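Notes follow the structure.
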Amino acid sequence: MNLTLIGMPGAGKSTVGVVLAKMISYEFIDTDILIQLKKGLSLQEIVDAYGYIALRQIEEETVCSLDVNNSVIATGGSVVYSEKAMEHLKRISKVIFLKTTCTTLLKRINNFDTRGLAKARNQTFEDLFKERMPLYEQYADLSIDCDNLSQEDAARMVIKLALYDKKDTIHPDFTKKDF
C-alpha cells in the first residue's frame, strides 16, 4: 500500500510526507523532485521555457510511470488536472488531500514567482486555489484539515485515518479542535 498526498503548493505535502514516511518506515517520493531530476531543470525553468501546460504533461508522465510499494508520494499541486495520473494514483495508493485555506497558504508561500506553479500567466493564486479545490475533493479518499496542525500532527492524522481506521472516522485520541 502507498499513500499519496495531494493539495495546493504550501499545504505541506513534501514536509508532512517526509515526517509520515519516517513514522511508518516507508520510502518517500516527491514527484516534483523526480521531474526536476528527469529534465535537469527546476520547475520554474520548465514553466519559463516550455509553459505550464508542458509542466503538467511532464507531471502526468512522471506520475503514471510510478511503480512503487510502501511509499509516501508527495505530488505537485497540479497533478489533479490529469485524470490519467489521478486514476493511476488511486489504483496504487490511498489519496489524502492536505486541506488548507487560501489565507494560510498565502502566509506560508513567499516565492510565487520562482516556485514553478503550473498556472496561466494572468492567473492569481486565489484563482488557482478556487479552480483546484473541487478537483482535490473529487479525487481524495480522505481530507485532512491541516491549517492548525503541526507537520507531526498532520502525519499522525494520516496514519490514524488512512492506515488504522477503516471507516475514516475521527479517533477518540483526537479532539475536534485538532481538525
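A short reminder: the numbers here are calculations on the coordinates, not readings from a lab. Because the structure is a prediction, the values reported are computed rather than measured. Note that each Cβ is placed from the backbone with ideal geometry, even for glycine, and that neighbours are counted across all protein chains shown.
Treating the beta-carbon of each Lys and Arg as +1 and of each Asp and Glu as -1, no other charges, what is the dipole magnitude of the chain about its Cα centre, to the nearest 20 debye?
200 debye
Only one residue of 72, 28, 164 has its Cα farthest out toward the positive end of the dipole of the chain, where Lys and Arg carry +1 and Asp and Glu -1 on Cβ, and that residue is 164. Under a crude label model (7 Å from the Cα following the beta-carbon direction), how far is residue 57 from residue 90 in nanometres? Distance between label points: 2.5 nm.
Once the mean 1/r over all distinct Cα pairs of the chain is inverted, what Kirkwood radius in angstroms do you read off?
That comes to 16.4 Å for the chain.
In the neighborhood of residue 90, defined by Cβ-to-Cβ distances under 13 Å, what is the net charge if each Lys or Arg adds +1 and each Asp or Glu adds -1? If you can, show how the numbers build up before the last one.
Working: positive: 84, 91, 94; negative: 83, 87, 141.
Cβ neighbours under 13 Å give a net charge of 0.
In the chain, helical runs assigned H by DSSP with n ≥ 4 each contribute -39500 (n - 2.57); averaged across all residues and rounded to the nearest 500, the mean residue ellipticity at 222 nm is -13500 deg cm²/dmol. Distance between the pseudo-spin-label points of residue 68 and residue 42 (7 Å out from Cα toward the beta carbon): 2.3 nm. Between the Cα long axis of helix 52-64 and the first principal axis of the chain there is an angle of about 50°, rounded to the nearest 10. Pairs of Lys residues in the stretch 1-122 that lie 8 or more places apart, or on two chains, and have C-alpha atoms under 15 angstrom apart add up to 4.
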